[in-house]
1. Tell me, which residue of segment 132-156 that is within 22 Å of Arg196 (Cβ to Cβ), touching a helix residue (DSSP H, G or I) at 6+ places or on another chain (Cβ under 6 Å) and part of a helix (DSSP H, G or I) is modelled with the highest pLDDT?
2. For segment 75-104, how many residues are closer than 21 Å to Ala198 by Cα and touching a Lys or Arg at 6+ places or on another chain (Cβ under 9 Å)?
3. Based on this model, can you work out whether Arg227 counts as at negative phi, part of a helix (DSSP H, G or I), at pLDDT below 95 and exposed (fewer than 15 other Cβ atoms within 10 Å of the Cβ)?
4. Do we find a residue being under 22 Å from Arg161 (Cα atoms), touching a residue at least 40 places away in the same chain (Cβ under 8 Å) and part of a loop (DSSP other than H, G, I, E, B) anywhere in segment 42-57?
5. Please work out which residue is farthest from the chain's Cα centre (by Cα), limiting yourself to segment 98-131 and to residues that are closer than 21 Å to Gly85 by Cβ and outside any helix (DSSP H, G or I).
6. Restricted to segment 63-86, and to residues that are within 20 Å of Arg202 (Cα to Cα) and in contact with a helix residue (DSSP H, G or I) (Cβ under 7 Å, 6 or more places away or on another chain), which residue is surrounded by the fewest Cβ atoms within 10 Å (Cβ to Cβ)?
7. When you check Asn159 against the structure, is it outside any loop (DSSP other than H, G, I, E, B) and in contact (Cβ under 8 Å) with a residue 12 or more places away in the chain, yes or no?
8. Which one is nearest to Thr176 (Cα to Cα) among residues in segment 1-40 that are in a helix (DSSP H, G or I) and among the aliphatic types (A, V, I, L, M)?
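The values are calculated or read from the model by the stated rules, or taken from the named source; none is laboratory data. Since this is a predicted model, take the numbers as computed values, not measurements. Counting neighbours? That spans all protein chains shown, and the Cβs are built from the backbone with ideal geometry, glycine included.
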Amino acid sequence: MTTLKVTLQRRKIRIEERLKTHGISETSISFLRYLMFDEKEFATPYEVGCRIIVIYAIAFTIEEQTKKQSVVDWLKRESIWEKVGYREAQYLEGNETEEEQINDFSWQMEGAYILAWTLNLIKEPPSPKVPVDEKQIEHFCSTVPPLGTKLGDFLGNLNFRKTEEIFEENIFYELTTAYFRDLLFSGKEDSTEINRIAAFERHKALNWLRRYMYQRMGRDRHFYLNRQNGYFRRQQPTVHCQNPGRTEVIQHWGTIRHWFRMDE
């Protein structure tokens, strides 16, 4: 019979080996209890499905600003408007199109994709090296109901993949976030090929699923998205960060907008 200590030790080895594969070799998990989790504390599959739909709908409005009210009406009709965050509701109900806000909402699709993976809608997790590409987004769109349609059957029949897989994916991204945060203070060069922004968005989404984000995200977000530091700036590419900025993100969405549909 496998003991808890053995289970945690194996989990530690898997996570540390994955970190090393992606260039983070100095991170060591010394406190095994850090690797314990209670799946009863997770959001429900229904709640995760709602979150995916909300992010998906907001992404649609980035290119289709005139459809905001239709999206709001649809979310209310399907009784998931209460799942929309305050900042998101302000965006959908108002006319504000601040560049930074739209950029942030664009990147949330990284979170939607990893959440779809947790529900086994997506079979393989995305690579930490790059944001999800057009082919992956096309596949994602094929796994969720078209915007404007009824959601009952979809939301009522969702189930998680193995929760251990979800937890380990979250810890991997949590430790990558910690690694990048430490670079901010040490001034060392990045030794990884990990896409910082995609990794952070996936970390944020998985923390939300685990109901963990409210304990840590305020601090992590401050360090990780410090807009005065080139390592973390989202708005424009820098010599430190090769991630696309707002212009590239919006151009990318423009190439895939035909996969979205808003039934009036």
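1. Per the stated criteria, the residue is Phe140.
2. Residues meeting the conditions: 6.
3. No; evaluated as a whole, the condition is false for this residue.
4. Residues of segment 42-57 under 22 Å from Arg161 (Cα atoms): 42-56.
This time we only want the ones that are touching a residue at least 40 places away in the same chain (Cβ under 8 Å), so: 42-43, 45-46, 48-53, 55-56.
Those left that are additionally part of a loop (DSSP other than H, G, I, E, B): 42-43.
Scanning segment 42-57 turns up at least one residue that is under 22 Å from Arg161 (Cα atoms), touching a residue at least 40 places away in the same chain (Cβ under 8 Å) and part of a loop (DSSP other than H, G, I, E, B).
5. Taking the candidates together, the pick is Glu98.
6. Lys83
7. No.
8. Leu19
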